[in-house]
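Read-outs throughout are calculated quantities, based only on the coordinates presented, and are distinct from any laboratory measurement. Computed from a prediction, not measured in an experiment: that's the story for all the values here. Please note: Cβ atoms are built from the backbone with ideal geometry, for glycine as well, and neighbour counts cover all protein chains shown.
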Amino acid sequence: MSNAMMGPVLAQVGLTLITLLILYARRVPAMVAAKPTNEVMQDKKSLQALPAGARFAAENYNHQFESPVLFYVLCVGAMIAGLTSELSLILAWAYVALRAIHAAIHITYNRVMHRFLVFVISSIVLIALFAVITMQYWSA
């Protein structure tokens, strides 16, 4: 069983942990400054009053648990089933790189159309990864 796909998996996990650290670095000081009550904390609308950087970091951290979940399943499944290939490895690394670019855009200047373009490209790469692994499975 090839474990080459573990590199992109670990990189994606690392990216998620980096976004978590950025979230803490931005959200904790914003919350301390705002001194919200428990009721305010439970109202998601009130979080819009936090500085943009704190909101964007939280949003991006949440995004790390959306389509990347499919990425993890594909990569781990491919490793377990012995369905990794050079093409799937290239696609996996491309996906992680695009997710890193998406995160960088989101937590810095957050131009939605730039972020959306990278999201679309990363989605296409994820679909291609799915297709490659599926074809390997059916031809095995």
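In the chain, the DSSP-assigned H stretches of four residues or longer account for a calculated mean residue ellipticity at 222 nm of -27000 deg cm²/dmol, using -39500 (n - 2.57) per stretch and the full residue count as denominator. Per-residue 3J(HN,Hα) values for region 135-140, derived from phi via the Karplus relation 6.51 cos²θ - 1.76 cosθ + 1.60 with θ = phi - 60°, read 5, 5, 4, 6, 8, 7 Hz in sequence order (x marks Gly and Pro). The GNM of the chain, with springs linking C-alpha atoms under 10 angstrom apart, assigns the highest mean-square fluctuation among Pro36, Pro51, Pro68 to Pro36. The distance linking region 37-77 with region 17-32 is 11 Å (Cα centroid to Cα centroid, whole angstrom).
In this structure the amide hydrogen of Ser85, modeled in the peptide plane, comes within under 5 Å of no amide hydrogen from residues 5 or more places off or on another chain.
Note the listed values [x] 1.09; [y] 0.95; [z] 1.15, then indicate which one is Rg/Rh (Cα atoms, Kirkwood Rh) calculated from this particular structure. Identified label for the calculated read-out: [x]. For the chain, the relative contact order works out to 32 percent when only alpha carbon pairs closer than 8 Å and six or more residues apart are counted. Of the chymotrypsin sites (Phe, Trp or Tyr not before Pro) found in region 85-140, those in coil by DSSP whose Cβ has at most 10 other Cβ atoms within 10 Å are Tyr109. Among the trypsin sites (Lys or Arg not before Pro) within region 81-140, those in coil by DSSP and having at most 16 neighbouring Cβ atoms inside 10 Å are Arg111. Residue exposure proxy: Leu47, Leu117, ordered by other Cβ atoms within 10 angstrom of their Cβ from fewest to most, comes out as Leu117, Leu47.
Rounded to whole numbers, the Karplus 3J(HN,Hα) couplings from phi for region 66-77 are 9, 5, x, 4, 5, 4, 4, 4, 4, 5, 5, x Hz, using 6.51 cos²θ - 1.76 cosθ + 1.60 with θ = phi - 60°, and x at Gly and Pro. The 3J(HN,Hα) values that the Karplus relation (6.51, -1.76, 1.60; θ = phi - 60°) gives for region 40-49 are, in residue order, 5, 4, 7, 9, 4, 5, 5, 5, 5, 6 Hz. Gly and Pro appear as x.
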